[in-house]
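The values are calculated or read from the model by the stated rules, or taken from the named source; none is laboratory data. Everything quoted here is computed from the prediction, not taken from an experiment. Cβ placement follows ideal geometry from the backbone for every residue including glycine, while neighbour counts extend to all protein chains displayed.
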Amino acid sequence: MQFVSMIDQETIQRIMDAARIEEVIGDFVSLKKRGANHIGCCPFHNEKTPSFYVSPSKGIYKCFGCGEAGDVVAFLKKHEHYTYPEALQWLARKYNIEIHEEELTPEQQQRQNERDGLFHVSEFAQKYFSDLLWNNEMGRAIGLSYFHQRGLSDEIIRKFGLGYCLDEWSNFTDHAIQNGYSETVLEKTGLTIIKEEGDKKYDRFRGRVMFPIYSISGRVLGFSGRILSSEKQAAKYVNSPDSDIYNKSRILYGLYQARTAISKANKCYLVEGNVDVVSMHQSGVENTVASCGTSLTTEQIRLIKRYTPNVTVLYDGDSAGIKAALRAVDLLFSEGMHVRLVLFPDGEDPDSYAQKYGSTALQEYLAKHEENFIMFKTRVQLESVKDDPIRRAELITDTAHSIALVSDMLERAEYVRQCAFLLHVDEAVLSSAVGKAANANRQKAYEQQHKEEQTARAASEATPDAAPEPAQPTDEASYTSASKPHGTYPPTEVERHLIQLLLNNGNEPISQEFGTNDNDKKIVTYSAAEIIITELRQDALSFAHPLCQRIFEQCTLMVDITHHIDTQHFLNSDDEQLRTFAITLMMDTYSLCPGWDRKVKEMGVYVPKANDNLLQDVTDSVYAFKNHRLSQMINDCREQLRNADEEKQRELLAQIKEYTSVSHQLQKARNIVISPHYNAY
């Protein structure tokens, strides 16, 4: 077993240089190009309108909904719960960069992070089970032959990392212990069951074919094992228990293999079993996943939603399959998904249908028999209601409840129209019932939120010494600071824009030409940052917003020492608030609409870029900032006049007069002329 103890700085730099943030995040989030950026739905909170931006040129991401921001390493640490070395390892593997690893001693193995140990033993188990399937006599005779009987090819078996656990009491457990894994780690992953007496231990998955369950990034989290014997008392499928790395309600089987196909097709097929997923992939329908031994959960739906809002549910055509489909409908619609359904003939499932009729027939069946979920639900329930008026009224109420969960108003209106026709009820009656159901949903959501806030407040009051949890930042909160006595507040637009210029354009040169003839002409060049910093220093002006002031001070220090602003310094800051604020200002969310750049070229129109007239932008921004700060200082003086004594009043009035005079001078001469006084740098 190996673990990275230290990665040298040169290797880290090679990894960071090779990593393309849009490629890395694109492995986890469905991104669409928008101008210079990429945009998608944030993986860190539930949202219907994309507000998650990725900037390839700057190597950063920013969600303007929840405030999460950072670089490629920060994303992996947050999304995959990696440590810093683990994130670098992941990137090194992706970009084929070699990292020299140092083997752990037995003492280091005991001290290593427990969670890291769970990952290591799970990956070790997958490789061992796979090796048994291909290279062990019993594994080939029992496990591999079973997969072949199910019509699975060697290629698809290897793609999903399928394996076999020998039907022996503790074969895997003994092998893992011999390779340095502790009983504690084996028990916590669920691979080994240890009896309370402590002296009896055995393999949880003995005698079963193994389906490893992967994270979105391809790490083994757990297993699902299918028994091959006809033993009636034994469960057909056994799954890994929940652990620090595996939670079955938040994982979808096959998502790691399917995520690219889901994003490309803009559709996800949801099936019931592991074998169905593997069989669908083999049949060319690779955008297929299944829930991991549990009923469909909200967390699983949100995983799918990262890649597409369109879900087609595939269930068996028997009564159990229909009931399972009906249970899922409201949950899917409540998360804003567009849901359709395909029912297979009674006694068939995706796997058996593909085996019986072939891949082409399966794909044709899916295309032909896909239907709207709410319409299907209404029609199926209508058949059981018949002419019973009470049950018919209940059905109308239930249908209204389902339609009310649809967020799109036009889509909801179309459901009302079609379902009213099916139910033989007036459209206005059903529409009214839908409105009442929607209001009830909103009230329920409000009460739930209020209850959670009360619980959080009570917990905070019960533990006054504990630091309160920070609220989820919004667009406004992205610019907040706790240093303001009366609470948090955003910076003014003039402060914000001036800091944006420093971070985004501070290192860009600005030149001016002096002299009237060729002999006298002289070009003077300074960076935008040098000009901004000198202009503010001359008048001893500071920023009112504390985060703006901190960034300005750090930029000033960089320019004083190196004549260059290193924005990576802010991306790597340990201060999360400062880092998020800086990234927010660095992220440019404005760009030409898709295709417009081509159209303007065809029309011979030039669209100005942000830095085309940088000197004028710097001039206007510095002027606006100075004028704004002078206005603030004048207002502050006027506020102090109310409670000042006579002597203080004379002093304040003199300051107001001075500030007003400076303000008038500013308005007369707005242009900045590059002059020798910038040579301080």
Single unsatisfied condition, Ser240 versus (1) outside the structural domain of Arg204 (by TED's automatic domain parsing); (2) over 16 Å from Met337 (Cβ atoms); (3) crowded, with 23+ Cβ neighbours inside 10 Å: (1)
The one condition Leu270 fails out of (1) farther than 28 Å from Arg340 by Cα; (2) modelled with pLDDT of 90 or more; (3) among the aliphatic types (A, V, I, L, M) is (1)
On the basis of being of a type in the set (A, V, I, L, M, F, W, C), at pLDDT 80 or above and either within 30 Å of Pro50 (Cβ to Cβ) or touching an Asp or Glu at 6+ places or on another chain (Cβ under 7 Å) (or both), does Ala367 make the cut? yes
I'm told Tyr84 meets every condition in (1) under 19 Å from Glu10 (Cβ atoms); (2) touching a residue at least 24 places away in the same chain (Cβ under 8 Å) except one. Can you identify the failing condition by its number? (2)
Return a yes/no flag: does region 593-614 have any residue that is assigned to a helix (DSSP H, G or I), at pLDDT 80 or above and surrounded by 11 or more Cβ atoms within 10 Å (Cβ to Cβ). yes
Quick one: which residue in Leu133, Leu104, Leu88 is modelled with pLDDT of 90 or more and either farther than 30 Å from Asp349 by Cα or touching a strand residue (DSSP E or B) at 6+ places or on another chain (Cβ under 8 Å) (or both)? Leu133
Keeping to region 280-304, report how many residues are assigned to a helix (DSSP H, G or I) and in contact with a strand residue (DSSP E or B) (Cβ under 9 Å, 6 or more places away or on another chain). 6
Inside region 336-422, counting only helices (runs of 4 or more DSSP H) that do not spill past its ends, which hold 2 or more residues that are loosely packed, with under 13 Cβ neighbours inside 10 Å? 359-369, 373-385, 389-404
Members of region 417-450 found to be of a type in the set (Val, Ile, Thr) and over 34 Å from the mean Cα position of the chain (by Cα), listed by number: Val425, Val429
Do we find a residue being in contact with a Lys or Arg (Cβ under 6 Å, 6 or more places away or on another chain) and not in a helix (DSSP H, G or I) anywhere in region 539-553? yes
Residues that are modelled with pLDDT of 85 or more, among the β-branched types (Val, Ile, Thr) and farther than 22 Å from Asp27 by Cβ: does region 231-247 have at least one? yes
Select from region 534-549 the residues that are in contact (Cβ under 8 Å) with a residue 60 or more places away in the chain and among the hydrophobic types (A, V, I, L, M, F, W, C) and list them in ascending order. Leu536, Leu541, Ala544, Leu547
So, Asp566, is that one in a loop (DSSP other than H, G, I, E, B), of a type in the set (D, E, K, R), surrounded by 11 or more Cβ atoms within 10 Å (Cβ to Cβ) and modelled with pLDDT of 80 or more or not? yes
